[in-house]
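Below is one structure, written out as structure tokens; the observations come after it.
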Amino acid sequence: MQDLRIGIVGMGPRGRGWVNTFKRVKGAKVVALCEKIGPLLEQGLEIAADSDVKGYRDFEKMLREAGLDAVAIVVEPHNQPDLICEALQRGKHVICEVPLAYTIEDCWRIVLAVEKSGLKFEMAEQLRYSAYVEAWKKMVEEGTLGKVIFAEGQYFHGRTRERYWFDSETGRPLTIEEAKGNPNAKKGRMWYMPHPILYLPHELSPILKVLDDRVKKVVCMGTRKGSYYYEDFPISDLEVALMHTEKDTVMRMACAFTIPTPRPHHWHHIMGTKGEVETNRSLKDRPKMWLADGFLEDKIEVDWGYNPYQPAPSEAIGTGHGSLDYYPLADFVGSIRNDTTPEMDVYKAADTAAPAILAGMSADRGSEPLEVPNFRPNEKRRPGEEPKIAKN
């Protein structure tokens, strides 16, 4: 089989990183890049370092002319759904960044587009490939932790002052101070994320993989609308959701992105009837485990980490996020070449997006409990058939 011809749209920092990563994935060849901002497109082409890679300023033109097998979409989440659906309708396999979407309607649009196309779709959430996720999954499957009744995940990652604005002509990040009075200043993606809880895939994806479960109901509350830390920023500093899963696990999920925070930014904890596991809370801390039948008076330290659960191949080393960025892209290419189900298919992607979307809606409605739809086909909905009720 010939190498898959890949086109990448979006040449921000993540998109440029994907240019490098796809160059390392066997069986794939980047042949086209797309970006509206000229200087960013030029940066992407420099990284590609291949005269055969063509640059485009227009997404539709790239789809028409570049002879692509697949499209990698690395743009702001609120702009993803249209591009995903258009690429699928044009017969291209699709991989995208997180989160999947910001509305339940867009989740359904993408699910239906994938089902109707029969093509491969993957969302590139990389934390699910970590060593601790695989270890915990095995412990749950083998009953080491007993029945899991409680799980927690939090993503506290304070964004610095240049993460909110950028120069519309060059793409250069601008600090809040540089943006004031600058006619070229354009709001970045943080302004278009109405709830911090929407950026939840890195917390839900690993936990749902470990539990082999999905969220059924969610309720959420947060701090006031408007940051206490960044003046004039209209979004809450913190939101915390309680979620109930299909297999009867209660989960607490929390996100905060404006206030300063130390590393590590992610923290996970699982409690079962026979034991507990958790990741480290600080860089000086260690992951921990406690087993009820292990004659342990306290939690013991273990060596799980935010690194691949198997020895990383040489091509993965240095691809970002502790070499985890390589895995979803390699899995996507492998799923096309071998006709297998992607590790994070459209249903699993929606399983991480929908609970977060509904959590934000719950916070807006005074912490009203909301039901999460199951996007998988069932006796009431065949593949490609629109649901009878697509929104709450």
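The values are calculated or read from the model by the stated rules, or taken from the named source; none is laboratory data. The model shown is predicted, which means the values in this text are computed figures rather than measured ones. Quick reminder, even Gly has a Cβ in these numbers, built from the backbone with ideal geometry, and neighbours come from all protein chains shown. Side chains are part of the model used for accessible areas, which takes the heavy atoms of the whole protein and leaves out ligands, DNA and RNA. Shrake-Rupley method; radii C 1.70, N 1.55, O 1.52, S 1.80 Å.
Under the convention that each Lys and Arg Cβ holds +1 and each Asp and Glu Cβ holds -1, the size of the dipole of segment 52-129 around its Cα centre is about 200 debye.
Within segment 101-122, whose backbone N sits under 13 Å from a point 7 Å along Cα→Cβ of Glu371? Inside the label zone: nothing. Rounded to the nearest 20 debye, the dipole magnitude of the chain is 380 debye, with +1 charges on Lys and Arg beta carbons, -1 on Asp and Glu beta carbons, and the Cα centre as origin. Note on segment 1-149: Lys pairs 8 or more places apart or on different chains, Cα atoms under 16 Å apart, count 10.
Solvent-accessible area of the chain (1.4 angstrom probe, protein heavy atoms only): carbon and sulfur portion equals 50 percent.
With charges only on Cβ, +1 for K and R and -1 for D and E, what is the dipole size of segment 311-356 about its Cα centre, in debye, rounded to 20? List each step's numbers first, then the result.
Working: 2 positive and 7 negative charges, 7 e Å.
Charge dipole, segment 311-356, about its Cα centre: 40 debye, nearest 20.
Once you have a ≥ b ≥ c as the square roots of the Cα gyration tensor eigenvalues for the chain, tell me rounded if a/c is under 1.5, and otherwise prolate or oblate according to whether a/b is larger than b/c. Note, shape of the chain comes out rounded.
Were the residues from Glu297 through Asp364 laid out at 0.36 nm apart, the gain over their Cα-Cα distance would be 19.8 nm. If you average the alpha carbon positions of segment 300-369 and of segment 190-236, how far apart do those two centres end up, in angstrom? Between the Cα centres of segment 300-369 and segment 190-236 lies a distance of 16 Å. Could you state the angle between the C-alpha long axis of helix 346-364 and the longest principal axis of the C-alpha atoms of the chain, as a value from 0 to 90 degrees rounded to the nearest 10? Once rounded, the angle reads 70 degrees. For segment 167-300, the solvent-accessible area of protein heavy atoms averages 50 Å² per residue (probe radius 1.4 Å; ligands and nucleic acids excluded).
Which trypsin sites (Lys or Arg not before Pro) in segment 191-232 pass both tests, a DSSP loop state and at most 10 other beta-carbon atoms within 10 Å?
Numbers: sites: Lys209, Arg214, Lys216, Lys217, Arg224, Lys225; in loops: Arg214, Arg224, Lys225.
Those satisfying the criteria are Arg224.
Full extension of the chain between Met221 and Gln2 gives 73.8 nm of extra length, using 0.36 nm per residue less the Cα-Cα distance.
Within 10 Å, at most 11 other Cβ atoms, and a DSSP state outside H, G, I, E, B define an exposed site. Report the longest part of the chain free of exposed GluC sites (Glu not before Pro). Write down the numbers at each step before the final one.
Numbers: sites that count: Glu142, Glu231, Glu297, Glu379.
Within the chain, the longest run free of exposed GluC sites (Glu not before Pro) spans 1-141.
Could you list the residues of segment 235-254 with an amide nitrogen less than 12 Å from a label point located 7 Å from the Cα of Lys147 in the Cα-to-C-beta direction? Inside the label zone: 247-250. Here each label is just a point 7 Å from Cα along the line to Cβ, and for Arg172 and Asp339 those points are 5.2 nm apart.
On full extension, the segment bounded by Glu379 and Leu283 gains 29.7 nm, given 0.36 nm per residue less the C-alpha separation. Using the Cα centre of the chain as origin and beta-carbon charges of +1 (Lys, Arg) and -1 (Asp, Glu), tell me which of Pro77, Met221, Gly318 is placed farthest towards the positive end of the dipole. Positive-most Cα among the choices belongs to Pro77. In summary, the lysines within cross-link reach of Lys299, defined as a Cα separation below 18 angstrom excluding same-chain residues under 8 places away, comprise Lys274, Lys284, Lys288.
For segment 41-165, report the accessible area per residue in Å² (1.4 Å probe, heavy atoms, rounded to an integer).
39
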